[in-house]
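Before any comments, here is the structure.
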Amino acid sequence: MKAFPAIVVADSRGRITDQPELAAAGRSGRAIYPLDPAQLMPLPETSRLYLLPGRRALGFNAKGTIESADDEHVAVAAFLPPGYVALALAAFAADKRAPRLPLFCYCAVCWYRGKFHVPAFRVDPNPKHDISRFDMRKVYREIRRWIRKYPGNRLVEHHGLVCVKEYGCPNAANLFLQRWEAPVAVSGECNASCQGCISKQDATSIPAPQARIGFVPTVAEIVEMAVPHLEKAPHAMISFGQGCEGEPLLEGNLIEAAIRAIRKKTNRGAIHLNTNGSKPDIVKRLAAAGLNSIRISLNSARPALYAAYYRCRGYSFDDVLKSFHNARKAGVWISINYLTFPGVTDDPAECRAFSRLLKKTTPHMIQWRNLNIDPDLYMDTVDRACPSKRQRPMGITTLMQYHHGQFPKIKFGYFNA
């Protein structure tokens with residue numbers, strides 16, 4: 001058994017094997033470096049291994065020189081389950097004709113001590129998305145029961161027949177199990193065109209893994225679905241803003257009316273919003289109506305890189321900062337959905353910018369979530385938005401330790417609290 005982690009590759013039939021003559025490498029930004037065994041953990045049980053077409057795995061030979069695997073094999077990456085943060089991405093050399101990769105996080109994977117390992121750690125131990133917690137036969141029975149109980153409610157049908165059965169959404173499954181967080185999708189439109197948008201990709205070769213909701217629900221449909229969940233579910237939460245929709249603030253009037261109608265029927269549970277924070281005035285109105293918590297997504301605290309990724313239409317980074325301010329002033333629980341990418345998120349310049357943002361916005365929580373995107377595509381975006389020479393990355397764990405030391409009251413996690 002080798003004392004160092006070895007690269008893994010796949011042949012044309014998809015069979016994965018190690019190549020023990022090459023020590024495994026990881027990627028941070030564009031830099032390639034040997035994987036540190038101290039940062040490795042066994043591949044989580046529900047991870048997926050992906051083959052990377054047109055890409056050869058990179059490793060280090062006995063001389064310590066970067067070397068690629070042979071042309072007959074392609075690189076392999078791991079997609080981690082919810083709650084895990086990637087510390088390094090897969091190291092590969094892409095052919096000129098290599099296709100763009102779909103919207104996943106491509107964590108490095110290696111063979112070490114007789115099993116697959118990944119440079120990652122679990123940032124949130126909450127098991128509410130663990131596959132082992134779901135009896136899908138029961139979920140499907142409950143979907144049928146809910147549809148019979150609420151005939152004509154398009155929102156119930158959407159979350160059951162589309163979100164659960166087509167996309168396997170854990171939150172949607174939890175709706176029908178009446179526990180924890182449940183989704184309320186409302187918006188088919190968006191005022192951003194994010195490079196990593198999972199519900200719509202315009203004029204690109206990248207397939208969107210989900211389609212946006214094709215209708216706007218009524219207040220009655222929302223109330224009919226949300227109130228029973230809030231009244232009965234343990235740790236009950238409903239959340240506007242889902243992967244199967246656009247930006248919920250574009251349906252601000254609808255959400256405001258729905259919140260007020262829900263709170264006339266029950267004060268139990270939390271009403272939450274996942275958003276890009278583009279409309280601070282609507283955030284203020286929703287907070288006044290009874291919104292309990294908000295999660296605002298950022299890929300970067302640097303306005304230029306934020307704009308390059310989100311490609312905003314009709315709003316700016318300053319509007320996002322105003323939404324933080326309005327939520328804080330209203331006493332709403334604030335989370336930052338920080339889209340994490342090794343070599344960019346832990347760039348010292350980004351660290352400084354994020355630290356300044358935390359001082360301004362004083363959130364209660366940072367949700368460290370992997371940015372799902374083709375690494376080369378994102379690095380091209382970073383290079384255009386931040387052309388100045390970058391310093392050596394700090395490392396994701398060092399970055400998190402730094403922010404925890406500076407802001408010890410801010411909770412770190414992955415799921416909505």
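The values are calculated or read from the model by the stated rules, or taken from the named source; none is laboratory data. Since the structure is predicted, the reported quantities are computational estimates derived from the model, not experimental observations. Every residue, glycine as well, gets a Cβ built from its backbone with ideal geometry; the counts of neighbours run over all protein chains shown.
The figures follow:
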quantity	calculated
Filtered residue count, the range 3-16, keeping only those that are surrounded by fewer than 14 Cβ atoms within 10 Å (Cβ to Cβ) and on the phi < 0 side of the Ramachandran plot	5
Residues of the range 387-396 satisfying the condition of being within 20 Å of Ile32 (Cβ to Cβ) and in a loop (DSSP other than H, G, I, E, B)	Lys389, Arg390, Gln391, Arg392, Pro393, Met394, Gly395
Qualifying residue in the range 155-165 (condition: assigned to a loop (DSSP other than H, G, I, E, B), in the same structural domain as Arg313 (by TED's automatic domain parsing) and buried (at least 19 other Cβ atoms within 10 Å of the Cβ))	no
The lone exception for Val76 - which of (1) over 24 Å from Gly243 (Cβ atoms); (2) exposed (fewer than 14 other Cβ atoms within 10 Å of the Cβ) it fails	(2)
Flag for Leu89 being closer than 24 Å to Thr340 by Cβ, touching a Pro at 6+ places or on another chain (Cβ under 8 Å) and at pLDDT 95 or above	yes
Count - residues of the range 393-408 that are in contact (Cβ under 8 Å) with a residue 24 or more places away in the chain and loosely packed, with under 14 Cβ neighbours inside 10 Å	2
Output for the range 3-49, where each listed residue is within 12 Å of Phe116 (Cβ to Cβ), under 26 Å from the mean Cα position of the chain (by Cα) and outside any strand (DSSP E or B)	Leu43, Pro44, Glu45, Ser47
Residue satisfying all of: in the range 168-210; among the acidic types (Asp, Glu) and surrounded by fewer than 18 Cβ atoms within 10 Å (Cβ to Cβ); modelled with the lowest pLDDT among these	Asp202
From Pro170, Pro217, Pro207, Pro234, residue being in contact (Cβ under 8 Å) with a residue 40 or more places away in the chain, in the same structural domain as Lys264 (by TED's automatic domain parsing), in contact with a helix residue (DSSP H, G or I) (Cβ under 8 Å, 6 or more places away or on another chain) and not aliphatic (A, V, I, L, M)	Pro217
Failed item in (1) over 24 Å from Asn276 (Cβ atoms); (2) without any contact (Cβ under 8 Å) to a residue 12 or more places away in the chain, with Asp202 passing the rest	(1)
Meets criteria (within 24 Å of Ala78 (Cα to Cα) and not acidic (Asp, Glu)) for Asn171	yes
Qualifying residue in the range 136-151 (condition: in contact with a Cys (Cβ under 8 Å, 6 or more places away or on another chain), crowded, with 21+ Cβ neighbours inside 10 Å and at pLDDT 95 or above)	no
Tally, over the range 189-203, of residues that are out of contact with any helix residue (DSSP H, G or I) (no Cβ under 9 Å at 6 or more places or on another chain) and either not hydroxyl-bearing (Ser, Thr, Tyr) or not assigned by TED's automatic domain parsing to the domain that holds Ile255 (or both)	6
Selection from the range 342-366 of residues that are in contact with a Gly (Cβ under 8 Å, 6 or more places away or on another chain) and more than 21 Å from Ala287 (Cα to Cα)	Pro342, Gly343, Val344, Asp346, Asp347
2 or more residues closer than 30 Å to Met237 by Cβ: qualifying strands (runs of 3 or more DSSP E) within the range 50-133	74-79, 84-86, 115-122
Residues of the range 325-334 classified as surrounded by fewer than 24 Cβ atoms within 10 Å (Cβ to Cβ), on the phi < 0 side of the Ramachandran plot and either at pLDDT below 95 or not β-branched (Val, Ile, Thr) (or both), total	6
Number of positions in the range 87-139 that are hydroxyl-bearing (Ser, Thr, Tyr) and farther than 30 Å from Gln201 by Cβ	2
Any chance Arg212 is of a type in the set (D, E, K, R), part of a loop (DSSP other than H, G, I, E, B) and in contact with a Leu (Cβ under 9 Å, 6 or more places away or on another chain)	no
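Matching residues to (1) closer than 14 Å to Leu230 by Cα; (2) surrounded by fewer than 19 Cβ atoms within 10 Å (Cβ to Cβ); (3) under 21 Å from the mean Cα position of the chain (by Cα):
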{"residue": "Ala258", "(1), (2), (3)": "yes, no, no"}
{"residue": "Lys265", "(1), (2), (3)": "yes, yes, no"}
{"residue": "Asn274", "(1), (2), (3)": "no, no, yes"}
{"residue": "Gly277", "(1), (2), (3)": "no, no, yes"}
{"residue": "Val283", "(1), (2), (3)": "no, no, no"}
{"residue": "Asn292", "(1), (2), (3)": "yes, yes, no"}
{"residue": "Leu298", "(1), (2), (3)": "no, no, yes"}
{"residue": "Leu305", "(1), (2), (3)": "no, no, yes"}
{"residue": "Tyr309", "(1), (2), (3)": "no, no, yes"}
